[in-house]
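Visitor: Please see the structure below; I have some questions.
Derivation of every value follows stated rules applied to the coordinates shown; laboratory data play no part. What you are looking at is a predicted structure, and each value in this text was computed from that prediction instead of being measured. Cβ placement follows ideal geometry from the backbone for every residue including glycine, while neighbour counts extend to all protein chains displayed.
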Amino acid sequence: MNTNYKRFIVQIGMGVDQHGHENNCTKAAMKAIKNAISRNCLTGLLEICNLKNPKDLLGMKVHVKIGAPLPETIDKNKVLKAVPFGIKSIEIEKGGLIAQGIMIKELGDTSDKMIVCIAVVTVSVKTS
């Protein structure tokens, strides 16, 4: 039995945390993943890849690559919770950007920084 995986989907998303959150990129990274996966309907995985039911999606591999201005601030486990199913992995590198916004304490802002992260989400499926 062949246990190779082949790429099926590569999607890109952007996430912005407009409230600074103490210079932590976790929320922006999660939003970037959700942005990437929200534009996909995985019917092809069930129909073309011959997965029999949605439970079979648990075996697909989902690799997330994040570009973040402060990569060391990202909570990898928390970010991967934005991926609904599959065998998850993550890679983080310096990227994205920080832009000046406004600080509104009533919204929970901790600075006037807007944190922007980019996500590339790659879904691979097992071939037989």
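Visitor: May I have the pair-distance distribution P(r) for region 5-126, computed from all Cα-Cα distances with 10 Å bins from 0 and rounded to whole percent?
Guide: 15, 42, 26, 13, 5, 0
Visitor: Quickly estimate the mean residue ellipticity at 222 nm for the chain, helices only: each DSSP H run with n ≥ 4 gives -39500 (n - 2.57), and the total goes over all residues, rounded to 500.
Guide: Details: 3 runs with 22 residues, N = 128.
After summing the helix terms and dividing by the residues of the chain, the value is -4500 deg cm²/dmol.
Visitor: Still on this model: Just to confirm the filter: which trypsin sites (Lys or Arg not before Pro) across region 40-112 are DSSP coil and have at most 14 other Cβ within 10 angstrom of their Cβ?
Guide: Details: sites: Lys52, Lys55, Lys61, Lys65, Lys76, Lys78, Lys81, Lys88, Lys94, Lys105; in loops: Lys52, Lys81.
Counting only loop positions with at most 14 other Cβ atoms within 10 Å, the trypsin sites (Lys or Arg not before Pro) in region 40-112 are Lys52, Lys81.
Visitor: Which of the trypsin sites (Lys or Arg not before Pro) found in region 1-32 are loop residues per DSSP with 12 or fewer other Cβ atoms within 10 Å of their Cβ? If you can, show how the numbers build up before the last one.
Guide: On the way: sites: Lys6, Arg7, Lys27, Lys31; in loops: none.
Sparse-neighbourhood loop trypsin sites (Lys or Arg not before Pro): none present.
Visitor: How much length is gained if the chain between Lys76 and Val10 is pulled fully straight, taking 0.36 nm per residue apart and subtracting their Cα-Cα distance, in nm to one decimal?
Guide: Numbers: separation 66, 0.36 × 66 = 23.76 nm, distance 1.99 nm.
Extra length from Lys76 to Val10 when fully extended: 21.8 nm.
Visitor: How many angstrom separate the Cα center of region 58-121 from the Cα center of region 7-54?
Guide: Here the two parts' Cα centres lie 11 Å apart.
Visitor: Pull up the DSSP beta bridges for the chain and report the antiparallel fraction as a percent, rounded to 5. All intermediate terms of the calculation are to be shown ahead of the outcome.
Guide: Values: 23 of 31 bridges.
Roughly 75 percent of the DSSP beta bridges within the chain come out antiparallel.
Visitor: Same structure again: If R0 is 30 Å, what FRET efficiency do you get for Ile102 and Asn40 from their C-beta distance, rounded to 0.05? Mind showing how you got there, number by number?
Guide: Numbers: r = 33 Å, r/R0 = 1.11.
The calculated FRET efficiency here is 0.35.
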